[in-house]
Every structure is written in C-alpha cells, then in structure tokens.
1. Return the only residue of 100, 131 being more than 10 Å from the ligand (Cβ to nearest atom) and either surrounded by fewer than 22 Cβ atoms within 10 Å (Cβ to Cβ) or under 19 Å from the mean Cα position of the chain (by Cα) (or both).
2. Say we look at region 246-304 and pick out the residues that are within 24 Å of residue 126 (Cβ to Cβ) and without any contact (Cβ under 8 Å) to a residue 40 or more places away in the chain; which of these is surrounded by the most Cβ atoms within 10 Å (Cβ to Cβ)?
3. Starting from region 181-210, take each residue that is more than 21 Å from residue 445 (Cα to Cα) and list its partners that are assigned to a loop (DSSP other than H, G, I, E, B) and within 16 Å of the ligand (Cβ to nearest atom), counting only C-beta distances under 9 angstrom and pairs at least six apart or across chains.
4. Give me the residue from region 134-143 that is near the ligand (Cβ under 7 Å from one of its atoms) and in a helix (DSSP H, G or I) and, out of that set, farthest from residue 105 (Cα to Cα).
5. Given the conditions (1) in contact with a helix residue (DSSP H, G or I) (Cβ under 7 Å, 6 or more places away or on another chain); (2) at pLDDT below 95; (3) within 22 Å of residue 136 (Cα to Cα), which single one is not true for residue 270?
6. Could you please find all residues in region 183-204 being more than 9 Å from the ligand (Cβ to nearest atom), closer than 23 Å to residue 103 by Cα and touching a helix residue (DSSP H, G or I) at 6+ places or on another chain (Cβ under 8 Å)?
7. Just to be sure, is residue 213 closer than 24 Å to residue 344 by Cα and away from the ligand (no atom under 14 Å from the Cβ)?
8. Assess whether residue 68 counts as being buried (at least 22 other Cβ atoms within 10 Å of the Cβ) and within 25 Å of the chain's Cα centre (by Cα).
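The values are calculated or read from the model by the stated rules, or taken from the named source; none is laboratory data. Only a predicted model underlies this, so the values are computations on that prediction, with no experimental measurement involved. All Cβ positions, glycine included, derive from the backbone under ideal geometry; neighbour counts span all protein chains shown.
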Ligand SMILES: Cc1cc2nc3c(=O)[nH]c(=O)nc-3n(C[C@H](O)[C@H](O)[C@H](O)COP(=O)(O)OP(=O)(O)OC[C@H]3O[C@@H](n4cnc5c(N)ncnc54)[C@H](O)[C@@H]3O)c2cc1C
C-alpha cells in the first residue's frame with residue numbers, strides 16, 4: 001500500500017489506530033478458517049461512523065479494497081482481506097447506544113460483543129435470543145453480516161429474525177439507513193434483510209437495531225444418552241413431530257463427546273454413541289410438561305440415561321459441554337475443518353449416515369456436533385494441513401457431504417456463510433440464475449467491487 005494513502009488513513013483514525021507493522025498485518029491476515037490467509041496493507045480501528053465513512057470515501061477513490069472485521073471468528077474465510085487491502089476492525093465501536101424498554105429494541109455499535117448485549121438486556125428482564133457458540137467473542141456486526149444462528153435457534157430463530165434496522169456505510173462512503181424501531185414497514189424493497197448475511201460485501205454496518213423479547217421465566221436443561229447414534233437422530237425428529245419446540249436441541253457424537261470430556265471434564269458418558277442436550281424454557285408449568293414429553297420420547301428411542309439439571313450450576317455445566325465442542329475437537333489435531341451442512345430436520349438420521357460413510361470411505365476422522373433441532377450439523381474433520389493427501393481426502397469427503405445435503409433439500413451452509421471457503425459449492429445450490437441475481441445486487445451496491453472482494457462468488 002502506498003505510503004501517501006497510509007498517511008491519509010492515519011489522518012482519519014489517528015496514528016495509534018493505524019497498524020502497518022508486520023506482526024499486526026500477519027495477525028489480521030487470518031480468521032478462524034483453516035488453510036486461508038492473506039497480508040493486508042493496513043489495519044484500521046475507526047472510532048465512529050464518520051471515520052468509517054471517510055475511510056470508505058478515500059478507499060473508493062483510490063480503488064483499494066476494504067474488509068470489515070469483528071473478532072475474526074467466522075468459519076468461512078469471510079474476514080480474510082485482499083492482499084494489500086484495508087482491514088477495518090470494529091473493536092473500538094463497542095457501545096450499546098440504547099436499550100429502549102418501551103419499544104423493546106436495542107441499538108448497538110457493530111463491535112459490541114454478543115454476550116455483553118445479552119447480559120445488559122437480561123439485567124433488565126429482557127432477552128436477545130441469538131447465541132452463537134462464539135458469543136463470548138463474536139461481535140454483533142459479524143453476527144449480522146453472517147446471519148449467525150445459535151443454540152437457541154430452534155425456538156427463537158436466528159440473527160435475521162431480530163434485526164429491525166441498520167445504519168450502513170456504503171462503498172462510496174454514503175450512509176444508508178434501513179428499517180428502524182417500527183414493527184411494520186413496507187416502504188420499498190426490504191433492504192435490511194438483504195444486508196443481513198451480506199458478509200461484508202454490500203456495506204459496513206455502523207449501527208444495528210435489534211428486537212428484544214421478554215426473558216423467559218424459567219428453563220429446564222436435560223441431557224439424554226444414546227448408545228446408538230441413529231436413535232438420537234430419530235429422537236430429534238420425534239420431539240419436533242410431537243409439537244414440542246425446545247429452545248435448544250443439540251447433538252454431540254462419540255468423537256466429540258470424548259474430546260469434550262477430555263477438555264472440560266463435565267461428566268459426559270464415554271460409552272455411548274451420541275448425546276442430546278435439550279433445553280425447554282418459558283412458563284414453569286408449561287416447561288414441566290414439555291420436559292416430561294421429551295423424556296418420554298427419548299425413552300421410546302432407547303435412550304440409556306436421562307439427566308435433568310437440578311440447579312443453575314448443573315445446567316451451565318451441561319450447556320458448556322456443547323459450547324466447548326469446537327475448542328475441544330480442535331485440540332486433537334493441528335487443523336480443524338468445521339463444516340456446516342444443513343438438511344431438513346426429518347433427514348438428520350440420513351445425513352449422519354452419509355457423514356459416517358464419507359469419513360470411512362476417505363479414511364479421515366470426522367466428529368459431528370451441531371444444532372440438530374435446526375437440521376444444522378457441524379461435521380468437523382480433524383486433520384493436519386501439512387499432510388496434503390489427508391487434506392485432499394478431507395475435502396473429497398466434504399464434497400460428498402455437501403452434495404448429499406443439497407440432494408436432501410438442504411444447504412451448503414446453515415449459518416457460517418459462504419465467504420471464500422464455500423464459494424465453489426454455491427452455484428450447485430443456487431444455479432446460474434441465482435449467481436446472476438446476486439452479482440446484480442453486488443454491482444448495484446458496490447460497482448467498483450471494493451467491499452470484501454472475492455467472497456460469496
Ligand atoms: C468456537 C466457535 C463457535 C461458533 N459457533 C457459531 C454458532 O453457534 N453459530 C454461528 O452462526 N456461528 C458460529 N461461529 C462462527 C462465527 O463466530 C460467526 O460467524 C460470527 O458471527 C462472526 O463474528 P465475528 O465478530 O468474529 O466476525 P468476523 O469473523 O470478524 O467477520 C465475519 C464476517 O462479517 C463481516 N463483518 C464484520 N463486521 C462487519 C460490519 N460492521 N459490517 C459489515 N460486515 C461486517 C466480515 O467482513 C466477515 O465477512 C463460531 C465460531 C467459533 C470459532
């Protein structure tokens with residue numbers, strides 16, 4: 001990057017918020033996705049909306065790319081910048097601007113950490129449900145850009161279901177306001193939902209308004225042990241078919257259980273093929289009935305042991321088992337390729353069979369966990385990127401898994417986004433006309449192609 005441009009960028013955000021030393025550029029050159037890295041030209045940490053707008057105006061004029069970055073926890077290579085591009089890091093934009101208890105909304109800057117917002121609204125008896133496993137580090141900007149899901153997605157939906165309004169800085173530095181605090185708004189095209197899950201390719205969010213709901217009065221956390229994997233999968237479909245919608249219905253297979261237990265020591269059973277973590281929440285009388293129904297269904301599907309947390313500490317321990325799954329698996333081998341194949345819920349058992357068969361066929365270790373209630377599974381290959389042959393086999397296994405997901409009416413990514421990692425598979429899912437429509441949208445928002453280039457298609 002030319003020194004004159006760096007100097008102008010420093011004038012906008014200040015010298016101390018402009019990083020160009022080799023170590024910083026290396027650190028911001030990768031995210032949580034294996035096998036991908038780049039070397040940005042500069043990392044900028046703006047402190048307000050106006051600074052973002054001025055950065056965009058300058059980069060737009062100079063034809064330099066800009067990649068927004070929250071905490072870099074995405075799993076699709078979404079925050080890997082262009083070589084010599086600008087990384088716009090949002091950690092200084094971390095204010096909760098407002099919690100509006102009359103309208104039940106919260107407005108935040110994009111760098112607010114997801115769990116910080118949870119704690120703030122819960123202290124007021126309110127609830128912001130989206131809770132990605134990474135919520136203690138991920139940012140609201142990243143969550144919106146990826147339309148992140150979470151453990152409570154089954155009952156409460158995903159980030160898109162809560163975004164009411166956005167303030168977005170466009171590629172040329174102009175400010176676009178979409179939506180707001182109104183519950184109903186049909187004025188023109190619905191631009192906020194379009195910007196949600198745009199993966200930093202259409203604009204940079206500088207403020208986000210989300211919907212809040214009342215905090216559920218109570219919850220019951222349960223863990224069901226299944227000696228046979230398929231029984232766990234069938235129990236998931238049966239719970240949903242019985243019209244019980246738990247807040248959380250998560251699945252861990254044997255490989256994952258062992259890794260989690262070695263890592264977190266939460267007392268998971270090592271002699272079963274799968275466990276389901278189930279949480280029901282709401283009115284105490286209602287959830288008591290729901291919990292009983294869930295226990296009955298698990299029993300009918302040959303669950304060998306059914307555990308109900310007796311207090312908040314026990315519940316937290318069980319939930320931690322699921323939240324630590326990725327970190328626990330990542331300890332086993334140097335490279336962890338976590339995928340995001342998603343199928344209709346009725347196809348979970350079939351999908352698990354495909355995953356197991358592909359792992360066997362290509363002789364790779366795949367642990368699977370995920371949001372079973374959403375049909376969103378995370379087959380995770382434990383490998384070593386220095387072993388080129390094993391990496392080739394891992395990708396071949398995933399190719400089969402994605403093709404199977406598409407053939408079952410599913411998708412290549414339920415919540416992690418396309419980014420760089422999945423763009424090869426997108427045409428198989430959306431076809432040529434889908435890609436053409438998406439390219440048209442990109443062209444309308446960012447004709448020079450400077451916003452997070454190379455992502456999605
Ligand atoms: C241990 C672990 C568990 C996870 N669990 C889940 C889970 O349960 N559910 C789930 O959905 N995901 C999960 N993820 C993935 C990841 O945490 C999410 O994608 C998260 O939303 C990324 O947030 P981030 O702040 O790290 O964003 P980053 O990774 O920094 O960026 C993600 C994308 O958002 C864009 N972006 C960031 N900020 C802005 C902004 N202000 N304006 C426009 N674009 C922006 C970036 O350009 C990039 O394309 C997990 C990841 C890890 C490592």
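1. On the way: 131 fails: more than 10 Å from the ligand (Cβ to nearest atom).
The unique qualifying residue is 100.
2. That would be 286.
3. That search, which allows pairs on different chains as well, returns 210/128; 210/130; 210/162.
4. Filtering region 134-143 down to residues near the ligand (Cβ under 7 Å from one of its atoms) leaves 134, 137-139, 141-143.
Filter once more, so that each one left must be in a helix (DSSP H, G or I): 141-143.
Numbers: 141: 16, 142: 19, 143: 17 Å.
By that ranking, first place goes to 142.
5. (3)
6. Correct list: 193, 196.
7. Numbers: closer than 24 Å to residue 344 by Cα: no; away from the ligand (no atom under 14 Å from the Cβ): yes.
For residue 213, the condition - closer than 24 Å to residue 344 by Cα and away from the ligand (no atom under 14 Å from the Cβ) - is not met.
8. Details: buried (at least 22 other Cβ atoms within 10 Å of the Cβ): yes; within 25 Å of the chain's Cα centre (by Cα): yes.
Answer is yes for this residue.
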